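> Before anything else, here's the structure in question.
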Amino acid sequence: MAINFRTYGSRTVSALVVNLLLSACSDMLSGHITHDEKLRSASIPLGQFLVRYQATDASLPALKITHNKSENKVLWQTVPGESFVMGGKGKENIHEVKGSFFIDDETQDLCEDQTVSRLTVINDALVIRGDLACQSGKSIGYVFTLKPHSSNQLSFSAELDDTSYNRIYLNYASEKDESFYGFGEQFTYFDQKGKKLPIFIMEQGIGRGSQPFTLLVDINASAGGKWHTSYAGVPHYMTSKMRSLFLETSEYSSFDMTADNQVQVALFSHSIKGRIINGDTPLALIEEYTTYSGRMRELPDWIHDGAILGMQGGTEKVMARYQRMKDKKGAVAGLWLQDWVGQRKTSFGKQLWWNWELDNNRYENWSNMLAGLKKDDVHVLTYINPFFAQVDDKPHVKRNQFSELLEEGFLVQTQNGEPYLIENTSFSAGLIDLSNPEARSWIKQVIKDELIASGASGWMADFGEALPYDAKLHSGTPVKSHNRYAEEWQQVNREAIDEAGRSDDIVFFSRSGYTKSPGLTTLFWLGDQLVTWDKYDGIKTAVTGLLSSGLSGYSLNHSDIGGYTTVPSPASWLIGHRYRSKELMQRWTELNAFTTIFRTHEGNRPEANHQFNTDEETLDHFARFANIYKAWGGYRKQLVKEAAQKGYPVVRHPWVHYPNDAAVRLLDYQFMVGADFMVAPVLDPETSSVDVYLPKGDWTHLFTGEVYRHTQGKSITVAAPIGTPAVFYKTGSKPGERFRQSLLENGLIES
């Protein structure tokens, strides 16, 4: 069978700069609205919602939506005198380089001026019809519909009559001081007001806008990314005005919030569908939204028992490292052995053989190793992704899964019907076609026969964001399937553990995701952060990613302790190398001790990175914080149960609990754990103190016992040397007092 390798050369510097500028600029459309002279203003009840239609006064919004519970709060309204539905024709050029997608869109005929000609109520739905005037002189019809979905969710849809017009836009009002939060995993900014944010899942890139490093990575490998690139973007937000909206569509979308007074949503389709949510608090909005996205199931108890040590190298090496941790009496819940399938060296560093079976030559006496660890109540986790690579050069292959997929025709194909092989680093791989029911059954059987049968208690279910836009699928098209592929990948993993009768105790963790992912995967992680301190791709993005994604239903999430991506700089003389330092490892350890999961990763170049056991001081520090993580396991289990029942995130931006405190909205890297704890991690090098804002009430320092009192609008500076992070609990809080008492009793802090 002929195999077609799809690779792309590096883009020129000028093309990269142009692409960067285009992504940063707003091209917001603007049209005028007119009403048929026969139409009259009206108030139309739709379930618990009230829609006011204004036809006679251009200084008022054409549509205003409120809710019976709070009629003074506007949930959604149009901009006075301006179109709220617009359309156009477009031709997108989307190409992929190693999982990064470059998207250019050429619009050919925009239809901006809107006429409302008819307004009717049909089966509890408000239906608005009219026409859009196009630049070409053509007029096309549209229909805009509002219908109650539930007491607190109002469905909306808009559709263009002419399906050749494949761009649709919604325009509606915002306020200058209105902040926009959520949108899935967003790594650089928590508040998206003033930004234009595309939603298209992909590799996040290396650097993501940290210059000049990102530019150098782009020149060398076209893989730098931008501030908005994300593995798990979601078309959902909530605002500081307690407004919330999400799309039910899967095509490429963008949210333009660059204007003071309006928002524009664009979609690569002739129709758009979504919902407007009513809720008085952030938690109420999260609870409502997650009835759609799904809620994450509870984690098994074993995962709360301590660190999950990410290690590689074979039986002898990993057991020796585990023994060192055991000698330090550090709490260990599991060993994550991603190289269980064998390891190869590539231009990127150390990578795996993408053939999902146990390499008995690398891990001798696998069964005995697992049996010994089981006596210590330590679980083993492994790794899988939806790619399959040729393994002709790998010794001792028992089952060539790539060949099986080729023979069955289960790989994603090119338009010519050939296997679509996607370049990764120094090798290319085929992607399984999850739109094919037989392929889904095949990969589920691989998971059951190779991962579950090996004794694994979980695994990293990596990737899911790289479905090529120009691929040919068994069913459907990449236009609709690209963002959904991550969900499909999670679903087959979930079905495999369910069918094996292991629904409650196996944990697989995902980096990619879309709208429905929370109801499918069992755990998220934030992907491949750079081993740096910056806000674009370093440790700070681990905090921002947790806070933003938690609002979109990603309630159980975490990052690799220490980050992942290590890069020997192509211009080290100018900007230095990107290697993990001892200090970064220690600070990331402190950060993750107060998140849902406490898991390490050696990174892509383990020998260049400082590891949890590189020296005795680091190992002592890590073992202590593994025990600190275990010490609040009871409270964490309560939060995980709350996540399953209501969708609330374990890690929360303080705005979730203090939405009316203006100072809280300005916080970037401070977070709460549940409603009781406030954490202000040190995220800068050579820093031994941190500025903390403590909202209303008294707060007790977890490590020192000192009580601090809230001062409205003012932060305080708190000492935070390595080993004593700035963590507080509400004075009098029972979970806080139990946590501190446990630390005292176990000698983890001094009285």
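The values are calculated or read from the model by the stated rules, or taken from the named source; none is laboratory data. Note that this is a predicted model, so its numbers are computed, not measured. Positions of Cβ are backbone-derived with ideal geometry, glycine not excepted, and every protein chain shown enters the neighbour counts. For the accessible areas, the whole protein counts, side chains as well, though only heavy atoms, and no ligand, DNA or RNA atoms are used. Shrake-Rupley method; radii C 1.70, N 1.55, O 1.52, S 1.80 Å.
> Starting from 0 in steps of 10 Å, tell me what percent of the Cα-Cα pairs of segment 622-751 lands in each bin.
Taking every Cα pair in segment 622-751, the percentages come to 12, 43, 36, 8, 0.
> While we're looking at this one, here's another question. SER688 versus SER751, label points 7 Å from Cα toward the beta carbon: distance in nm?
If labels sit at SER688 and SER751, their model points lie 2.8 nm apart.
> Something else about it: Quote the convex hull volume per residue of segment 431-559, based on C-alpha atoms, as a whole number of Å³.
Enclosed volume per residue, from the Cα hull, is 118 Å³.
> Next question, about the same structure. On a C-alpha basis, how far is the centre of segment 719-751 from the centre of segment 179-207 in Å? Whole number, if you could?
Each part's Cα centre sits 34 Å from the other's.
> Mind giving me the FRET efficiency for ILE716 and GLU407? R0 is 51 Å, r the Cβ-Cβ distance, nearest 0.05 is fine.
Once the sixth-power term is evaluated, E becomes 0.20.
> Place a label point 7 angstrom from the Cα of ALA58 along the Cα-to-Cβ direction, then list the residues of segment 78-92 whose backbone nitrogen is under 11 Å away.
Under 11 Å, as judged by backbone N against the label point of ALA58, lie 81-82 of segment 78-92.
> Within segment 332-431, which trypsin sites (Lys or Arg not before Pro) sit in a loop by DSSP and count at most 16 neighbouring Cβ atoms inside 10 Å?
Filter output for segment 332-431: LYS398, ARG399.
> Still on this structure, please answer the following. Before anything else, pin down the relative contact order of the chain: Cα pairs under 8 Å, at least 6 apart, normalised by residue count, whole percent.
About 12 percent, as a whole number.
> To continue, here is another question. Using the beta-carbon distance between ASP376 and SER441 and R0 = 35 Å, what value does 1/(1 + (r/R0)^6) give for FRET efficiency, to the nearest 0.05?
0.45
> Now for a separate question. Cα centroids of segment 45-117 and segment 460-495: how far apart, whole angstrom?
When both Cα centres are located, 29 Å separates them.
> Now, a different point. Contour minus end-to-end for ASN261 and ALA675, with contour as 0.36 nm per residue of separation and end-to-end as the Cα-Cα distance?
Values: separation 414, 0.36 × 414 = 149.04 nm, distance 3.31 nm.
Extra length available between ASN261 and ALA675 comes to 145.7 nm.
> Under 11 Å from the Cβ of GLY209, count the other residues' Cβ atoms, weight Lys and Arg +1, Asp and Glu -1, and hand me the total.
0
> Return, ordered by residue number, the residues of segment 410-439 whose backbone nitrogen is under 19 Å from a label point located 7 Å along Cα→Cβ of ASP392.
So the set is 411, 418-431.
> What is the percent carbon and sulfur in the accessible area of segment 468-558, measuring with a 1.4 Å probe over the protein chains and ignoring ligands?
48
> Taking the chain as the reference, fit the longest principal axis to its C-alpha atoms, fit the long axis of helix 633-646 to the helix C-alpha atoms, and give the angle between the two in degrees, 0 to 90, nearest 10.
Taking the Cα atoms of the chain, the angle to 633-646 is about 30 degrees.
> In nm, what is the difference between 0.36 nm times the number of residues separating THR731 and ASP104 and their Cα-Cα distance?
220.4 nm
> May I ask you to evaluate 6.51 cos²θ - 1.76 cosθ + 1.60, the Karplus curve with θ = phi - 60°, for each residue of segment 472-481 and list the ³J(HN,Hα) values in order in whole Hz, giving x for glycine and proline?
3J(HN,Hα) across segment 472-481, in whole Hz: 10, 10, 4, 8, x, 10, x, 4, 8, 8.
> A further question on this structure: When the Kirkwood hydrodynamic radius is evaluated over all pairs of different C-alpha atoms of the chain, what value in angstrom, to one decimal, is obtained? Walk me through the numbers before you get to the answer.
On the way: mean 1/r = 0.0371 Å⁻¹.
Evaluated on the chain, it is 27.0 Å.
> Could you run the Debye sum over the Cα atoms of segment 503-573, one equal point scatterer each and no solvent, and tell me log10 of I(q)/I(0) at q = 0.17, 0.20, 0.23 Å⁻¹, two decimals?
For segment 503-573 at q = 0.17, 0.20, 0.23 Å⁻¹, log10 I(q)/I(0) is -0.66, -0.84, -1.00.
> Using a 7 Å offset from the Cα along the Cα-to-Cβ direction at both LYS582 and SER367, what is the distance between the two label points in nm, to one decimal?
The modelled label-to-label distance comes out at 4.4 nm.
> Still on this model: Working out 0.36 nm times the residue gap between THR425 and GLU175, then minus their Cα-Cα distance, what length gain in nm do you get to one decimal?
85.5 nm
> Grab the beta carbon distance between ARG738 and ALA500, set R0 = 56 Å, and tell me the FRET efficiency rounded to 0.05. Could you put the intermediate results ahead of the total?
On the way: r = 37 Å, r/R0 = 0.65.
Here the calculated transfer efficiency is 0.95.
> Still on this model: How far is helix 282-293 tilted, in degrees, relative to the longest principal axis of the Cα atoms in the chain, given as a value from 0 to 90 rounded to the nearest 10?
90
> Post the alpha-carbon centroid distance, segment 356-389 to segment 414-456, in whole angstrom.
If you average the Cα positions of each part, the centres end up 20 Å apart.
> Taking Cα atoms, how many degrees apart are the long axis of helix 485-499 and the longest axis of the chain, rounded to 10 and kept between 0 and 90?
The answer is roughly 50 degrees.
> In percent, how large is the relative contact order of segment 481-616, given Cα pairs closer than 8 Å and 6 or more residues apart?
The value is 19 percent.
> Please state the relative contact order of segment 328-459 as a whole percent: Cα pairs under 8 Å, 6+ residues apart?
Once divided by the residue count of segment 328-459, the mean separation gives 27 percent.
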